[in-house]
Structures are given as structure tokens and as C-alpha cells.
Amino acid sequence: MKTILTGLRPTGNLHLGHYFGAGINYLKLQDEYDFYLEIADVQALTDNFDNPEKVRKNVFEITKDLLAIGLDPNKVHFFIQSKIPQIAELTVFYSNLVTVARLQRNPTVKNEIAQKKDLFGNNGESITYGFLGYPVSQAADITAFDGEVVPVGDDQLPLLEQCREIVRKFNSIYGETLKEPNQVLSNTTRVKGLDGNEKMGKSLGNAIYLVDDKETITKKIMGALTDTNKIKKDDPANPNVCMVYYYHKLVNSKENVETVCNECQKGSRGCVQCKKELIEAMNKFLEPIQERRNTYSDEKVKEILENGTTKALEKATSQLQKVKQAMKIDY
Ligand code: TRP
């Protein structure tokens, strides 16, 4: 079985974007690969260093969310990044193999710096060494487990490319040691936000979370963007610009979706009724996920993380040994 590795920053709960964009894909991959899933708390701290409580809480929250969608702890090794010191060691070694200019040109890093003006300044003048260098640490994440395949969205491609460059440079200097990882695109579905934004995101405040209760779902869907040209209940409208129809397509049956579309176009369905039906469908969709989530106690989640970490440590230890030998620092 080939090894697969991916990571998630524990900064918030999973939402529908994560589920359809990545989660469904993980469910398939867990049967086909030896799957390491890193809860990347060290990486989360690179832009949340001033909020350790948030990162700590979300390590457990996000693990529970991943178990809730049906990832099987007997198949997936869930582990916490900070519990694997080998990753930090590899990061130091790899930092010689990448220039500061190259990191500054990384499109993903550039975008993130631009979005975090409060933390890194209007022109990125207050960028930290740690944040600029997180792609190096991510290359360590991947290679510590000999990750051959990495399931990520396309926003992460520049990071994977950076990892491949580091691997090539390492191998050319120290001899063939590391594998160049390949991407499997995580499904590529990008889920739009409640406000019609192309992307559902925590920072955009337009997300439906897998843990949202009925009251929250009702409030969010009632406020979702619909066809703004529809004024009266029986005006015909365009479902293709309506977020309520958009989510019907994600969570409702094919048959119901057709009915919604036809009635909307004809003007025989009001938005309030349509939203109520979506609320019901959404709750029905989330119910089994939330029920499964409830079967995992805090104790159980801790145990799963401990077991996964033990397994991850084994792999990272032998990988670090190989790296040190190649670098002639295996004293
Ligand atoms: N940077 C990734 C994100 O923000 C998270 C991540 C950390 C990751 N380590 C990784 C992804 C290793 C793939 C492989 O989503």
C-alpha cells in the first residue's frame, strides 16, 4: 500500500466546503492507502501564535469532525504535528535548501500574507520568519512519512511544488533519499457561501458547519442569497443565481431538486417555502454526521490521537535516520 499524507490546520470546525471539497475524497482514499492525517497545530500557530487556546481546542474539534464524517481510526492514523519532533528537525535541515526570495514568491504564501494585514502589516513588512517558512515545514510533514501522494485542493499546489523542489535539491546534494510527492486533487468541488461568494470560508462568515444545530441552520438558510429580481412570491425566478437552490442540489434528492427548479422557474414556489424545505433536507443530511460525532467521547478522541501519534512516530523516526545518514550527521 502506498503512503498518503495530508494535513489540516486546527483553526475551526469543518464546514460543507471541507466536506464536499475534501472529506468525501478522504473516505475513498482511506481504503486505498496507508493514510496519515496530520492535525497541523504547529502550522496553525504560525498565524495564530497569539491564540494558543483556539488552536488547542480545535485540535480535538477537527479530529471529531473528521471521525464524524466517517473516517475510520482503524484505517487512518490521526496524529498531532507537535508530537512529532522529527518534523521540526527536518524543517531545520531543509531550510538550507530554499531561498528567502523563493518563499516570498510562493503564490499561496503571498496571498495569505496579503489577507493578514493585521498580523503581518499592509505590505507584509512584519512577516515572521515562521510564517514565511511554513512551506518548508510542510515539506517536512510530507517527507517525514515518505508521503507519495498528497490529497489537497488546488490552493495548495504551490506548496507541493515547493516540497518537490526541496526533495530534488536534497537528493542532488546528499544522494537519492527522499520521494517527490504527487498530488491527488481533493475532488475539486468548491462550495459557494451562503452569500453567493465563490468560496465558503470561516473568515468570510458564510459557512454552514457540520456541527450547526437546527436553530443555527434555520437562521443561516433563512438569510441565504436568493434571486434578487424575484420580488413577489409568485414571480418566476432563476434558480441558477439562488444559493437555496444551489444547496438543494448538494443535499436533496434528484427528484426534489427537479421539482424545486421547475416550480421556481414557473413562479409556483415562494422562497420561504423553498428555504423551509432546504432546512429540512440540510438537517436530514447533517443528522447522521452529528449522531456519529456524538458516539466519540473526548476520552476516545484522545486515545485515537495517541494511537495515531505512536504509529506516526515510528515512521518519522526511521525517515529521519535516513536523512541524517545522507547528510552525514548520524553520529
Ligand atoms: N497547509 C495546509 C492547509 O492549510 C495544511 C497542511 C499542513 C498540509 N501540513 C500539510 C496539507 C501536509 C498537505 C500536506 O490546508
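The values are calculated or read from the model by the stated rules, or taken from the named source; none is laboratory data. None of the values given here were measured: they were computed from a predicted structure. Glycine also receives a Cβ, built like all others from the backbone with ideal geometry; neighbour counts cover every protein chain displayed. For the accessible areas, the whole protein counts, side chains as well, though only heavy atoms, and no ligand, DNA or RNA atoms are used. Shrake-Rupley method; radii C 1.70, N 1.55, O 1.52, S 1.80 Å.
Relative contact order, whole percent, for the chain stands at 23, derived from Cα pairs under 8 Å and 6 or more residues apart. Helical runs assigned H by DSSP (4 residues or longer) give the chain a calculated mean residue ellipticity at 222 nm of -16500 deg cm²/dmol, each run adding -39500 (n - 2.57) before division by the residue total. Global dimensions of segment 102-146 from alpha-carbon coordinates: Rg and Dmax equal 11.7, 38 Å. Near the amide H of PHE78, within less than 5 Å, lie the amide hydrogens of LEU37, GLY308, all on another chain or at least 5 residues away, with H placed in the peptide plane. Positive contributions from Lys and Arg (+1) and negative ones from Asp and Glu (-1), summed over other residues with Cβ under 12 Å from the Cβ of GLU277, come out at +2.
In whole Å, how far is the Cα centre of segment 302-323 from that of segment 48-65? Each part reduced to its Cα centre gives a spacing of 21 Å. Taken over the alpha carbons of the chain as equal point scatterers, the Debye sum produces base-10 log I(q)/I(0) values at 0.09 Å⁻¹ of -0.54. Helix 271-294 axis versus longest C-alpha principal axis of the chain: approximately 40°, rounded to the nearest ten.
Each part gets one Cα centre, and for segment 221-299 versus segment 125-145 those centres are 40 Å apart.
Average accessible surface for the chain: 49 Å² per residue, computed with a 1.4 Å probe over protein heavy atoms with every protein chain in place. Karplus-derived 3J(HN,Hα) values for segment 236-246, using 6.51 cos²θ - 1.76 cosθ + 1.60 with θ = phi - 60°, are x, 9, 9, x, 6, 10, 9, 6, 5, 4, 4 Hz; glycine and proline are entered as x.
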